[in-house]
1. Which lysines, on any chain, are close to residue A:297 with Cα under 23 Å apart, when same-chain ones fewer than 8 places away are left out?
2. Counting other beta carbons within 10 Å of each Cβ, put A:162, B:120, A:351 in order, fewest first.
3. Would you compute, from DSSP H runs of 4+ residues alone, the mean residue ellipticity of chain B at 222 nm, taking -39500 (n - 2.57) per run and dividing by the full residue count, rounded to the nearest 500?
4. How long is the stretch A:383-467 along each principal axis, judged by its Cα atoms, biggest number first, in Å?
5. In degrees from 0 to 90, rounded to the nearest 10, what is the angle of the helix A:316-325 Cα long axis to the longest principal axis of chain A?
6. Please quote Rg/Rh for the stretch B:69-161 to two decimal places, taking the Kirkwood radius as Rh and restricting both calculations to Cα atoms.
7. For chain A, build the charge dipole from Cβ charges (+1 Lys, Arg; -1 Asp, Glu) around the Cα centre, then report which of A:215, A:83, A:71 sits farthest towards its positive end.
8. Residues of B:290-300, mean number of Cβ from any other protein chain within 10 Å of their own Cβ, rounded to a whole number?
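What follows draws every value from the coordinates through simple rules; no lab data is involved. As the structure is a prediction and not an experimental result, all values here were calculated from the model. All Cβ positions, glycine included, derive from the backbone under ideal geometry; neighbour counts span all protein chains shown.
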Amino acid sequence: MKVNYLMPEFLIDRDEQRCTHCRICVHQCANEAHLWNDKKKIVYGEDQNCVNCHRCVATCPTRALRIRNYPLEYKNNAHWTPHYIKSIFKQANSGGILLAGMGCDRPYPVYWDHLLINASQVTNPSIDPLREPMELKTFLGRKPEKLSFQNGKLAEALPPQVELDIPIMFAAMSFGAISLNAMTSLAMAAKEMGTCYNTGEGGLHSSLYQYGENTIVQVASGRFGIDPEYLNAGTAIEIKIGQGAKPGIGGHLPGEKVGMDVSQTRMIPEGSDAISPAPHHDIYSIEDLRQLIYSLKEATNYTKPVAVKIAAVHNSAAIASGIARAGADIIVLDGLRGGTGAAPLRTRDSVGIPIELALAAVDQRLRNESIRNEVSLVVAGSIRCSSDVVKAIALGADACYIGTAALIALGCHMCQKCYTGKCNWGIATQNPKLTKRLDPEEGAERAANLLRAWSREIKEMLGGMGINALESLRGNRLMLRGIDLSERDLAILGVKAAGE
Amino acid sequence: MSLREGEVRIPSGCAISGIMNRKGYLFSGHDIIQSIALMHDRSNGLGGGFAAYGIYPDYADHYAIHMFYEDSFCREETELFINDHFNVEVGGRIPTRKVSSITEAPIIWRYFVQPKAEKVMEMDLEEDEYVARLVMQINAKFPGSFVVSSGKNMGAFKGVGYPEDIGEFYKLDSYKGYLWTAHGRFPTNTPGWWGGAHPFTLLDWSIVHNGEISSYDANRRYIEMFGYKCTLQTDTEVITYLFDLLLRKQGLPLKAVVTAMAAPLWSNIERLAPEERELVKAIRTVYSPLLVNGPFSIILGSRKGFVALNDRIKLRALVAAEKDDFIYVASEESAIREICSNPDRLWSVAGGEPVIGLLEGVEEL
């Protein structure tokens, strides 16, 4: 007899007294964790298929469902934890690479949680955002070292800037990885809040061109969906070299997710896998990057800032300096915790460095070289709340991208199974039965509300510090103190210890 | 032992006062001492100082270097350096009188100097930049020596004590200048170091400042990209360098500098006429790291005049007045009325709106 070594991850706990066998859970679960026995006329669970996405729990009209961790205890072993044992079972079975969705979930230090924010007391008044203006406006793009005047007027126009009302944008998530409804939600929310969303590498669906002013279009190694119209559709162009969830490899979109709409938008055949090469095949060096930056500037007549996005890796500071000198207007750093639709698990969890350290190192390096003003710095990958944003800005970021947090606002429950295409919340799927569960109007309102709420909280914290414009927090590391950090960590972060 | 300025960041609150005669008429330090003395309670005896312009007409073309030395050894070391880089016309002690409340004064010296032409050429610099760099070098590399001021036909006189006592100590009633500024200090730490008192100066610039800015580290980290070293870690130091960068090095009009430092709110910028709006928007975009945030009132003095400025939402007091050719600014109205009981005009200065006092015939600071 062949035994399956893999036990279910979750246990579906159905309260038989409450369950009316109405079959809503059966219809809601794309993973087929709830099934209908037509003979017995009852609903039953298939634990093996459950991913713990909470869709059935949330939609059960009688609250009959609970999902628990499967009560299976391995013999205690601090080294061979169940995670590694189960991983080996899976790979011995399949011979394949382990896949994962969303960002690294390992218990590495979260530096945001080791940084504390200052507030004014007595010598300097705190400012009350309910009674005083509080400004979050942010400009992304190259700033000249000085302005020149002629007869009281500017001698030359500023380089193009992206003007944001708040320092938070929606991170790159491609059409294909996420549904059109999810993308439309983010585009509408970005417009509502005066910020930007990012197309990711999957091109721009024809229905989204109307949000151009709030769009950053991405150019990645697969070059999906790119033509002059696309490049000129947004307010800025982002060259994606790498992403935090999988530094060193390209994007993966399985053919099952490539239906008619995705195929047209990406300009690839229906049903074909969209596998982006690991590097851009026209960028094998920093001087090649310069050529692509300027090709894009030429194609858009120097009217749009060009951003370059890299994963936060060991040598980010030197790489960032090179990118600034190659002519980029914005550098995007994506940290270890950055999310994705699909990544090899070991890469996701073991490659790259935390964004906090990369940000601090890059900002300081650019200042040491007196070129910090020549680029804006945007960070992504791990931002969970408004105080993370405040800390990122104080460390030196101009703005933040949020991806995971934005999807959670749309209903994502972090089951990390985006790569299966069976997202029950209608976000990371192209199945029309599932995507219709996300109403773009409602999604836009929720995503905008998140930004609204965070903006209010940021204003409260700014006012507390006696600051009424975000630029006075930018790089203002005296507003931070480290707690429970080593001397080395403090030195890299460029902050003092709490109590100093 | 308490840490000094430069070893720790010391915020402080204060009183400031300034008087100028637009026609360049010279008057003694009597009035400025009387004005700052009235605001005695705004300082706590841990620092007072004055900047005076027009006081050295006989050496008007020389850089007047005022120095503090902790001991004569420091002086000898530093003088070797000074002699190496400057032709010293005259040097000697700055005359002082004994005042019971002023103790532990350093050795206070001044030199009237010209940069050595061959050294200036060798370093390929403008004279001012040459002097500015050497001043920063002395402050950074000669422990126990401190450059108090380094401008032409001006000087700073400061120390630990109440400002009126410092004025008496330096015999300021015997000097005559056309522009005087004064500072009484209320630091929240007590290092008792003379170099840490205000005004802070560089070349002709002198700053007296009241407030504690919350943008300090954002301003500092930006300005340090341009070669400045903020060794004292004080607000006054960083504000001085900020003016120096924008006015002297980049040659920005004063109005643009004020716009950068105390920028109008975006909601007000939106209401400007299109051309003006583009200009202000560009200044705020490019110079956003130089926005000075949090409470401050400052008087920036220079050979050509002064500008007094409040933070943009007016978190510190600042009053101005005019009488004939005189223009006054001070933290409190009473400090002006004390020396000018019946001004032609007196007003409370609005946040972010500069009071500019220029000598007759001068257009920019």
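1. Here the lysines satisfying the reach criterion relative to residue A:297 are A:143, A:146, A:240, A:309.
2. Ranked by crowding around the Cβ, least crowded first: B:120, A:351, A:162.
3. That comes out to -7500 deg cm²/dmol.
4. Projected onto the principal axes, the Cα atoms of the stretch A:383-467 cover 51, 24, 18 Å.
5. Long axis of A:316-325 versus the principal axis of chain A: about 50 degrees.
6. Expressed as Rg/Rh, it is 0.99.
7. A:71
8. Shielding by partners across B:290-300 averages 4.
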